[in-house]
Amino acid sequence: MKFTTASFKSAKQKGNKITMLTAYDYSTACLEDEAGVDAILVGDSLGMVMLGYENTLSVTMEDMIHHSAAVARGAKNAFVVTDMPFMSYQTSVYDAVKNAGRLIKEGYADAVKLEGGVKFAEHIRAIVDASIPVMGHIGMTPQSVNAFGGFKVQGKSIADAKQVIADAKAVQEAGAFAVVIECVPALLAKYISNELTIPVIGIGAGAGCDGQVLVYQDMLGMYSDFTPKFAKKFEDVGTSMKNGFKYYFEEVKSGRFPAAEHTFKIDDEVMEKITEE
Ligand code: KIV
């Protein structure tokens, strides 16, 4: 059955943990969907893990639409949330609604996600008023990497913790159906999860959240440029892929691939006629 915004609500009420993973293409979305993952995030992390940028700031609306549509084709049951890229909503409430609409109409997303709390509450409200579900994102928001001076844990001082709490409440009051909280101390994230009525999905925020999200390349050992402390490696797919590439290299060089079973046949008669001429 398709996971919906109503499923997010009922999971929170029943205390069922919500599972979310990133995906950026059709075949990965199919695998995650078949594995039973509740929601797929087409994160702007694609700028780093798919496109090789050092942060998410260069990702465009066209990038997000392209990858979102591919994921949506593979996600039969999983709920698809697509990130609004840097400068697609910060510039004005009008831009926020217009670009959220494009991610739904052209990217076939079920919902959009944007970073920021109190400062972007008006933008969230306007998108929700246009009947587009919004997931918030607070704490360490990667689009503010330059303002933060790096990818740093947020909410450790009294003032910073109060700001994260205010952001969480602002996102909920603006009408978001869920919120991602990234890189904050576990006890703070647990407190916020208990305070909010909407589900809080943690990443680097401990076990007290209502759900978890990870970048799939991190949890499968496929991306080594930057490995955050919270990224548990559930499988070492990176090593398996590298081994597969090496076996291919060796078999092509030695002539063992392709073998007879990978080869198409032609009647001897036809070959004879061709070589006679
Ligand atoms: O872009 C992304 O993958 C994200 C997650 C880190 C939550 O926003």
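The values are calculated or read from the model by the stated rules, or taken from the named source; none is laboratory data. In this text the structure is predicted, and so the values were computed from the model without any measurement. Using ideal geometry, Cβ is built from the backbone for each residue, glycine included, and neighbour counts are taken over all protein chains shown. Ligands, DNA and RNA are stripped out before the accessible areas are found, and what is left, the full protein with its side chains, is counted by its heavy atoms. Shrake-Rupley method; radii C 1.70, N 1.55, O 1.52, S 1.80 Å.
Structure notes:
- Spacing of the modelled spin labels on Asp95 and Thr60, each 7 Å from Cα toward Cβ, amounts to 1.5 nm.
- Loop-located trypsin sites (Lys or Arg not before Pro) across the range 230-277 with a Cβ neighbour count of 11 or fewer within 10 Å are Lys232, Arg256, Lys265, with loop assigned by DSSP.
- Rg then Dmax, both in Å and based on the Cα atoms of the range 73-118: 11.3, 34.
- Considering helices alone, the calculated mean residue ellipticity of the chain at 222 nm is -13000 deg cm²/dmol, with DSSP H runs of length four and up weighted by -39500 (n - 2.57) and normalised per residue.
- Each Lys or Arg adds one and each Asp or Glu subtracts one; over the other residues with Cβ under 10 Å from the Cβ of Asn16, this totals +1.
- For the range 166-277, the solvent-accessible area works out to 64 Å² per residue, with a probe of 1.4 Å and every protein chain left in place.
- Counting only Cβ charges, +1 for Lys and Arg and -1 for Asp and Glu, the dipole size of the range 90-139 around its Cα centre is about 40 debye.
- Convex hull volume of the Cα atoms of the chain, normalised per residue: 176 Å³.
- Scattering profile of the range 29-98 at q = 0.13, 0.15, 0.17 Å⁻¹ [log10 I(q)/I(0), Debye over alpha-carbon scatterers]: -0.40, -0.52, -0.65
- Added length on full extension, which subtracts the Cα-Cα distance from 0.36 nm per residue, Phe226 to Lys156: 23.0 nm
- Per residue, the accessible area of the range 1-129 comes to 44 Å², computed with a 1.4 Å probe over protein heavy atoms only.
- Label-to-label distance, nm, for residues given as Leu187 and Glu261 (7 Å Cα→Cβ offset): 5.9
- Expressed as a whole percent, the accessible area of the chain that falls on carbon and sulfur atoms is 56 (1.4 Å probe).
- When the charge dipole of the range 98-156 is built from unit charges on Cβ atoms (+1 for Lys and Arg, -1 for Asp and Glu) and taken about the Cα centre, the candidate among Val134, Ala147, Val112 whose Cα reaches farthest toward its positive end is Ala147.
- Pairs of Cα atoms farther than 19 Å apart, the range 165-277, %: 66
- q = 0.10, 0.16, 0.25 Å⁻¹: log10 I(q)/I(0) that the Debye formula gives for the range 80-169, counting C-alpha atoms only: -0.26, -0.63, -1.24
- Cα centroid separation, the range 8-85 to the range 207-269 (Å): 20
- Mean separation of Cα contacts under 8 Å (6+ apart) over length of the chain, as relative contact order %: 15
- Contour minus Cα-Cα distance for Phe249 and Ser131 (0.36 nm per residue): 37.3 nm
- Taking N as its residue count, the alpha carbon Rg of the range 1-141 over 2.2 N^0.38 Å: 0.99
- Charge tally in the Cβ shell below 9 Å around Gly211, where Lys, Arg are +1 and Asp, Glu are -1, Gly211 excluded: 0
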